[in-house]
Amino acid sequence: MSANTVWAGVLDSCPGLLCCVINVKGKLLYATHGYKAVASRLFGHKCEEGRNYPPLITENDRAIHEALTAACLGETNAIEFSEGGTLWELTASPLRLEGQGIAGIVIRIVSGRPSVVLSDPEILNAVPYRAAIADKKGVILAVNSRLASCVRAELVGRNIIELVTPETEEALMHILMTRSGNVECTMPDITEAENFTDMDITPYLDEDMNELSPDTDIDLSRHIRLYATPSEWNGDDSVMLTFEDITEIKRTGEQLRRLLTLDRATGVLNRRGMEHVIARRLHSVIEEGGHLSLIILRIENFRIIQETQGLMRAGRIIRNFVRMLKKFSKEREGVAISRWSEDEFAILAECSGASAVVMSNEIRTKSSDVVISAGAADYADGGYMSATEFAGASYEAMTEAVNSGGNSTVLWRGR
């Protein structure tokens, strides 16, 4: 039974389901008749099975592609599209098959809801969020009282794009053009925004959106998530922007991320952090091709060193080894290092398996006070199904090096 027949049997058994399935290489496996009709109308997609999807021609294609990228990394992402005053929501979710990790992506479109129609500032004030109305170019037409109360400058007539950091301008322009989605941006100090007087030294967003005093040395920029919703203002198409201050969430999240992904003893990535980097780099290799090699290194007889020379001596050995690895990685582009376990380390490099062996042997030579056994695997050579299998191949090669007498590097050649 072909893949098309299987997916047709599953998806077409649910009448009215607007859904399609894409594999991790970006090929469209199957799309229901309803999905094809809506995608053709909304995006101009032909939905040709066996071809790359989406075709990456329009701005909408780019938004869908970003959602697919998130799904490949295990996250579900939703974006909105507008059509004739109606919103449609597209959700991209990872497709997990038992024992195989993420095997593909499921896209589902949900029929939409009408856009917001506004014509009176009092109606805008009824919106329970800090909100503004802007045209498609970003010029602010009106703000509600909730937003006006925490901003120290006149916003009406200004362009929202001028008030964010440059690196987020493109993403902000995208949600303005499509009148849907959201973007995270940083609102910098007001003195950095064009056309503000030198007397204005307070942060752009102040008071209840910023608990910090303006005269502190702390960076007063706020992390804001802007949501775009199609709207009408005095009969013209416009965008309603709602402002959510996520500064504390971002700061807390960064602290948690560091706790979860860094090895506290050495300051390098831990295994969890490296697995995240591997998944992200693999997605680039799948899309763009090239080599990505993973090296697993083990310090031989580390437990014997602990027992005979003491924990303090063992700790110094680990720190010296990591110091050497950090210097080694800084001298090369695209190299990430991590502590894989107590006596094992992982190196991810954008190079072939043969180059990874050379790299590993150079590291072993520099490690004069300990004996190192290593295994390497090149993703391009293996066609692995997941990051777990990729790491498993490197670990298997390292185990072979240990069992063969140690003090060597083995390149995984498959089973």
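The values are calculated or read from the model by the stated rules, or taken from the named source; none is laboratory data. Here the structure is a predicted model, which is why all the values come from computation and not from measurement. Note: ideal-geometry Cβ built from the backbone for every residue, glycine included; neighbour counts use all protein chains shown.
As a summary of the residue check, residue 81 satisfies the conditions (1) crowded, with 17+ Cβ neighbours inside 10 Å; (2) among the hydrophobic types (A, V, I, L, M, F, W, C); (3) under 27 Å from residue 390 (Cα atoms) except for the one numbered (3).
Candidates 293, 360: the one that is surrounded by 18 or more Cβ atoms within 10 Å (Cβ to Cβ) and more than 28 Å from the chain's Cα centre (by Cα) is 360. One residue stands out among those in the range 296-338 that are closer than 19 Å to residue 377 by Cβ and among the hydroxyl-bearing types (Ser, Thr, Tyr): the one that is surrounded by the most Cβ atoms within 10 Å (Cβ to Cβ), which is 338.
Given the residues 401, 346, which is the only one that is part of a helix (DSSP H, G or I), surrounded by 23 or more Cβ atoms within 10 Å (Cβ to Cβ) and aliphatic (A, V, I, L, M)?
Values: 346 fails: part of a helix (DSSP H, G or I).
None of the other options fit; the residue is 401.
Residues that are closer than 26 Å to residue 238 by Cα and of a type in the set (Asp, Glu) within the range 56-84 comprise 59, 61, 66, 80, 83, listed in sequence order. When residues of the range 275-325 are filtered for being charged (D, E, K, R) and either farther than 30 Å from residue 23 by Cα or not in a helix (DSSP H, G or I) (or both), how many remain? Number of matching residues: 8. Among the residues of the range 42-78, the one identified as among the β-branched types (Val, Ile, Thr) and buried (at least 19 other Cβ atoms within 10 Å of the Cβ) is 64.
Write out, first by first residue and then by second, each pair whose Cβ atoms fall under 7 Å of each other, whose residues are 6+ apart or on separate chains, and whose first residue, in the range 33-44, is under 16 Å from residue 21 (Cβ atoms) while the second is β-branched (Val, Ile, Thr) and not in a helix (DSSP H, G or I). Every condition considered, the pairs that remain are 35/109; 38/109. The single condition among (1) polar (S, T, N, Q); (2) at pLDDT 90 or above; (3) closer than 20 Å to residue 292 by Cβ that residue 329 does not satisfy is (2).
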